[in-house]
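The values are calculated or read from the model by the stated rules, or taken from the named source; none is laboratory data. On a predicted model such as this, the values are computed, not experimentally measured, just so you know. Positions of Cβ are generated from backbone atoms using ideal geometry, with glycine treated the same way; all protein chains shown enter the neighbour counts.
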Amino acid sequence: MKNSITAIELSLFANRVEAICDEMGAVLQRTAFSPNIKDRLDFSCAIFDHEGALCAQAAHIPVHMGSMAYAMRSIVQGFEWRAGDMIILNDPYLGGTHLPDVTVVAPVFVDACLVGFLANRAHHADIGSDTPGSMPISSVLDEEGIIISPRRLVRDGVLDEDLLHWIGQQTKNQTQTTGDFSAQISANRTGLAGLSTLVKGMGVKRYQQSLLELNNYAERLARSALQAIPDGQYEYMDVMDDDGMGNENIAIQVRINVCGEQIEVDFSGTATQTAGNINCPISVAAAGVYYVFRCLMPSHTPNCDGSFKTISIKAPEGTLLNARYPAAVAAGNVETSMRVVDVVMGALANAIPDLIPAASQGSMNNLAMGALANEDNTIPAWDYYETIGGGMGAGAKHNGLSAVQSHMTNTRNTPIEVLEMAYPIRITRYEVRAHSGGEGLHHGGDGLIREYEFLSPTIVTLLTERRRNQPWGLAQGSPGCAGKNSFNGQQYPSKRNWQANKGDKLRLETPGGGGWGKKPN
């Protein structure tokens, strides 16, 4: 057997394992039932080694992948794994992010040897919350839906029908829910077939050696890229607009200590966990940190554990970024993760100003809605959830992009035709929000305007940010415009739940990105 792996062999190996993740994602998309998964592509797929370290991932959702990379080791250590098993979980305090994101994990055995794990994480618009869309204005975790602690969904290749039935019963559309879970199982089975074939063809020892080389290569690239950050201590503070419970301007503070190739990201000074649902587990904070530093690395850096070896993260327990059970976390995964990116980038802008862009929109602009069935079921229950794009921040060499998903979200826009066919909603306006990006030498990207007309009574929940505090500019660039929520012409706050009636209209104007540099006279 050859003792070394050539650069060409390593490149082929990296592409082969990533291709398995891509294939898993294609199966999940094509077999899922809900628009949230099959159309918006709100899911992620990855491969891990036998200890739970990240080996490869597809270019899916950053907040999914970074949080799995951080938490997977603790997940896999809690079971005695056997071939044919799969576990399911969504508990944010046991490896999850927020309850709608449900993860299915499968071990990979070759010749009775555990060589790794496959995992996919998908967002379910209905996970049993009383509020349609399962993104409520909540104050404790139990209000956000069913909590699935890690448990076996498949044992020795046999599906636990009772468990799947129980999960489906907690939702409003059992057929859609169980169909989406079946799609997640199918995605893992596709990955199992692909990875098993790869490992058998290479041999277990050669596969493990290739993983070691891949991580070493990624670490070398990461160290080289991060050496561009001068030694020093860099700080930044930004705020969340509010928590939906009356608490406003909630601080997130970061201190980045750079010493040679070692980087410590310390969130001491961040506000304590709050009454609303913008809290998050530390895995979500880690996802934001990993994302920022990954953006500073070459595009060909493998997405594996070696990329983050030099980065350590500290967030005191009981704070917004490392909440204690039973703190509510529904919006932490989507909104607070975006602010983590903002503060880390804000701190790094003090060190490497030409490499860091101004703030992007800073919100996923979450909209959850649906209806409960009436007593005789003549009006069916339905759930829908989406995030909406906005403006990206400008940089030293470029304008910001307009009307795009940014940073921690990477989902697609739900096509209007799909939305209107599936639900009693009409989209009456969908356009770029002109001149909402910040001015500067390079201007920030513009946000979006999206207007909904409700065709039947609908329960609506908004979880948005940057409605009060604008996305900041850099190098004397102007901030982007704050977002606006309005209902029948009346301005609504960033976080609210209410019932809309037939004919009512909701209009969301998403934030623009910050500008970079002083605008010429």
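Here are the numbers for this structure:
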item	result
The range 239-261, residues that are acidic (Asp, Glu), surrounded by fewer than 22 Cβ atoms within 10 Å (Cβ to Cβ) and either more than 26 Å from Ala225 (Cα to Cα) or without any contact (Cβ under 8 Å) to a residue 12 or more places away in the chain (or both)	Asp242, Glu248
Filter result (assigned to a strand (DSSP E or B) and either at pLDDT below 95 or over 30 Å from Asn497 (Cα atoms) (or both)) within the range 259-277	Cys259, Gln262, Ile263, Glu264, Val265, Asp266
Qualifying positions in the range 322-355 - under 18 Å from the mean Cα position of the chain (by Cα) and aliphatic (A, V, I, L, M)	Ala323, Ala328, Val329, Ala330, Ala331, Val334, Met338, Val340, Val341, Val343, Val344, Met345
Selection count, the range 235-258, where residues are charged (D, E, K, R) and part of a loop (DSSP other than H, G, I, E, B)	1
Within the range 5-60, considering residues that are assigned to a helix (DSSP H, G or I) and hydroxyl-bearing (Ser, Thr, Tyr), the one nearest to the chain's Cα centre (by Cα)	Thr31
Enumeration of residues in the range 470-496 that are of a type in the set (S, T, N, Q), surrounded by 19 or more Cβ atoms within 10 Å (Cβ to Cβ) and either assigned to a loop (DSSP other than H, G, I, E, B) or in contact (Cβ under 8 Å) with a residue 60 or more places away in the chain (or both)	Gln470, Ser478, Ser494
Unique residue being at pLDDT below 95, surrounded by fewer than 22 Cβ atoms within 10 Å (Cβ to Cβ) and of a type in the set (Val, Ile, Thr) when the list is Thr175, Thr171	Thr175
Some residue of the range 419-431 being among the hydrophobic types (A, V, I, L, M, F, W, C), part of a helix (DSSP H, G or I) and surrounded by fewer than 16 Cβ atoms within 10 Å (Cβ to Cβ)	yes
Residue that is out of contact with any strand residue (DSSP E or B) (no Cβ under 7 Å at 6 or more places or on another chain) and modelled with pLDDT of 95 or more, where the choices are Ala59, Ala83, Ala32, Ala71	Ala32
Flag for Ile185 being surrounded by 15 or more Cβ atoms within 10 Å (Cβ to Cβ), out of contact with any Asp or Glu (no Cβ under 9 Å at 6 or more places or on another chain), outside the structural domain of Arg466 (by TED's automatic domain parsing) and outside any helix (DSSP H, G or I)	no
Some residue of the range 112-135 being surrounded by 20 or more Cβ atoms within 10 Å (Cβ to Cβ), polar (S, T, N, Q), more than 18 Å from the chain's Cα centre (by Cα) and under 30 Å from Gly246 (Cβ atoms)	yes
Considering residues of the range 321-344 that are assigned to a helix (DSSP H, G or I) and in contact with a Phe, Trp or Tyr (Cβ under 7 Å, 6 or more places away or on another chain) only, the residue surrounded by the fewest Cβ atoms within 10 Å (Cβ to Cβ)	Val341
Those strands (runs of 3 or more DSSP E) lying entirely in the range 80-172 with at least 1 residues more than 21 Å from Ser44 (Cα to Cα) and in contact (Cβ under 8 Å) with a residue 12 or more places away in the chain	101-110, 113-123, 151-155
Residues within the range 228-238 that are surrounded by fewer than 19 Cβ atoms within 10 Å (Cβ to Cβ) and either more than 19 Å from Phe267 (Cβ to Cβ) or among the acidic types (Asp, Glu) (or both), tallied	4
